[in-house]
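Here the structure comes first, spelled out in structure tokens, and everything after it is commentary.
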Amino acid sequence: MTLRARACAVAGAAIVDHKTRQTRIEPTEVICVGEALWDLYAPEGIPLERAKLLRRVPGGGAVNTAMALARLGVPSGVCAALGDDALGRGLRDEVAAAGVDVGRLALGAARTGLMLVAIARGEARFAGYRQGELEARELAAAMPARWQTRVVHFTGIAPVRGAIGAIARAAAGARREGCAVSIDVNARPRMWPRAGRAAAPAGAGAGTGDGVRGCFRLFAQADLVKCSTGDLEVLGTTARALRERLRPEATLVVTDGARATLVLGPEGERAVAPRPVRPLDPTGAGDAFCAGMLASLAWEARARWADPALMLRAVARGHDVARAWVRRKRG
């Protein structure tokens, strides 16, 4: 059996009906939409400038979250755009072999993204080789007509004109299907060139470009939005201003590194403090946090996501999963 065949057998991702010659997608609980790329790790303690060998590991927000969910026993899939090249096909097969549904991965014109990573004393340095606008447009074109899942999780969606609107419409379509919609802002400052850098308490996006304002249309579809304090700075807004632009029943979760996480829901604000941890590799910690939350929420009805007690438990589990994630070496 070939690697590709073994991958599909493990993931149950794309199954061909030999009578109709049509490919059907096996149902999953959570579809993660966004980035899929290779993380290329330098040996620990070696700066990128001096690294002669690099180890490749599947990466990107959507892939990290989906793979963490699969390890937590939640059937997950990825919707993303890869290059139609050896790196793209290899990444697809490796993600599938990890038990993730890859039936919604599209091989398009963009080259497969690369992120170089160097870890020293538990801190990471990154150097990305990406085609931001082309990746965003290929991702928008990969949106399915129907999601056939319980939760659609968007992560690291770049605010590219002509793409962010299509992705927001896809999120609205997911809601019409009855799916819960989760968003991890996961801002990439170099891929968000028009975003404001200073917080604007009253503006919630004032001073940003049209593409970034389009992100707020996506956020308006969400039942759950997770962001970091750094994401808020890139968006040019504050936690309370962003919460006011969400659906009344939605919850905003704001992480701040090792500090307490702020949970702003329909019944007010709460803070949940994570347990201290000494990280070995912080890469993808926010994605693992999202996976932990979604593992607690995936089988709950969408209306239950407004329950503050449920959301606080989900945040606590997110902390636990992220804590375990950063204590292991990926590279």
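The values are calculated or read from the model by the stated rules, or taken from the named source; none is laboratory data. Everything numeric here is computed off the predicted structure, so don't read it as measured data. Quick reminder, even Gly has a Cβ in these numbers, built from the backbone with ideal geometry, and neighbours come from all protein chains shown. In case anyone asks, the SASA skips ligands and DNA or RNA and just uses the protein heavy atoms, side chains included. Shrake-Rupley method; radii C 1.70, N 1.55, O 1.52, S 1.80 Å.
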Please give the net charge around VAL326, taking every other residue with its beta carbon less than 9 angstrom from that of VAL326, where Lys and Arg add +1 and Asp and Glu add -1.
+3
Gaussian network model of the chain, Cα springs within a sub-10 Å range: biggest mean-square fluctuation belongs to which of GLY286, GLY61, GLY257?
GLY257
Relative to the present Cα-Cα distance, how much length would full extension add between ALA271 and ARG245 at 0.36 nm per residue of separation?
7.3 nm
Can you pull the one-decimal nm distance between simple spin-label points at LEU310 and GLN131, each 7 Å off the Cα toward Cβ?
4.2 nm
Taking the chain and counting helices only, DSSP H stretches of n ≥ 4 at -39,500 (n - 2.57) each over all residues, the nearest-500 ellipticity at 222 nm comes to -10000 deg cm²/dmol
Carbon-plus-sulfur fraction of the accessible area of the chain, 1.4 Å probe, in percent?
52 percent
Fluctuation leader among GLY284, GLY45, GLY132 - the chain, Gaussian network, Cα springs under 10 angstrom:
GLY45
The computed P(r) of the chain puts the percent of Cα pairs beyond 24 Å at 52 percent
Could you tell me the ratio Rg/Rh of region 219-282? Both radii from Cα atoms, Rh via Kirkwood.
1.01
Out of ARG169, ARG125, ARG137, a Gaussian network model of the chain with alpha-carbon springs under 10 Å gives the largest mean-square fluctuation to ARG125
Per residue, how much accessible surface does the chain expose to a 1.4 Å probe? Answer in Å², no decimals.
45 Å²
